[in-house]
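The next block holds one structure in the form of structure tokens; read it before the comments.
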């Protein structure tokens, strides 16, 4: 099939690498990536050129029309102002994307995120991949998503907001193919490692995790903060960490698998039950995870990983302290790696083919 993929995020490089490594003979893919304002070099191009440029026929840059309508979005003033300025390019962006679609004669157009919902029209076969929990901020989301030829949700949590809306949809978890690179590098740590990974912004609850960790007694434990984000919030988190030598700020790590290979517990600090990519990448890399919530049904393959999942009450510092202390001193000694890549690609291709066939009939 001849497809156009439109992606806004650089971190999705790992997902698309799996896609493009499993292309069927004769399949072709063009790619539209988000152009970055005021940036001399587009970081999106860096990831593409490094991981899968040889798998793509054409790459286009465009200021994508984005709507940050999901729980966990950055609410900082600088980011909000930048997002508002970005909307000034929407009219030109719609025209540019329509031209690409018309010239490409694609069998389907794949949108990798809910924030791209404004692109959907009834004129073309759009497949949208909802990887975020819709926050209810823009009712137009429902009308646009209803126009899609097919909707893929990553789990029941992302689908919940769309229950009762007539959609051609399915649930397929993201692809994960984790392989060991350098397990238990003693130069990184010999302690039990707790890690929180991702954008450091208030809604991620990084300061909650830091405060809870500081109140635990174990000296043979470390907390790794991996990622960057809002500068003011980062300063707040560093202040919360104080002089505790067990807490280490890594910043951005290009080879994130190195973190998973050496971490023992991946923590989420969100104000509600949330799994997300970092949790699954941790589980598929043999890590245990500590997550807010209590509902196993929101996990894919819970039965496989149930012994590796530890819940705590959302926003409860005391409860999180208790769980961390229960896990303190435990290291992953027999690390298991998992992959669902082949199954994911097969289910994705089957759903797209049936959706496009029904759309064209």
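The values are calculated or read from the model by the stated rules, or taken from the named source; none is laboratory data. Every value quoted in this text rests on a predicted model; they were computed, and no experiment measured them. Positions of Cβ are generated from backbone atoms using ideal geometry, with glycine treated the same way; all protein chains shown enter the neighbour counts.
Of note:
- Listed by first and then second residue, the pairs linking a residue in the stretch 61-87 that is closer than 14 Å to residue 113 by Cβ to a residue that is at pLDDT below 70, with Cβ atoms under 8 Å apart and 6 or more places separating them unless they lie on different chains, are 66/83; 68/74; 68/83.
- The one condition in (1) outside the structural domain of residue 219 (by TED's automatic domain parsing); (2) buried (at least 20 other Cβ atoms within 10 Å of the Cβ) that residue 351 fails to fulfil: (2)
- Test: residue 345 is touching a helix residue (DSSP H, G or I) at 6+ places or on another chain (Cβ under 8 Å) and assigned to a strand (DSSP E or B): no
- Hey, residue 265 in contact with a strand residue (DSSP E or B) (Cβ under 9 Å, 6 or more places away or on another chain) and at pLDDT below 95 or not: no
- Residues considered: 357, 333, 313. Of these, the only one that is surrounded by fewer than 18 Cβ atoms within 10 Å (Cβ to Cβ) and under 26 Å from residue 211 (Cα atoms) is 313.
- Only strands (runs of 3 or more DSSP E) whose full extent lies in the stretch 106-217 are considered here, and the ones with at least 2 residues that are closer than 25 Å to residue 20 by Cα and in contact with a strand residue (DSSP E or B) (Cβ under 6 Å, 6 or more places away or on another chain) are 108-111, 126-130, 150-153, 169-171.
- Considering 130, 141, 145, 154, the condition of being crowded, with 19+ Cβ neighbours inside 10 Å and either within 16 Å of residue 345 (Cα to Cα) or not assigned by TED's automatic domain parsing to the domain that holds residue 349 (or both) is satisfied by 154 alone.
- From 40, 57, residue being on the phi < 0 side of the Ramachandran plot, at pLDDT 80 or above and not in a helix (DSSP H, G or I): 57
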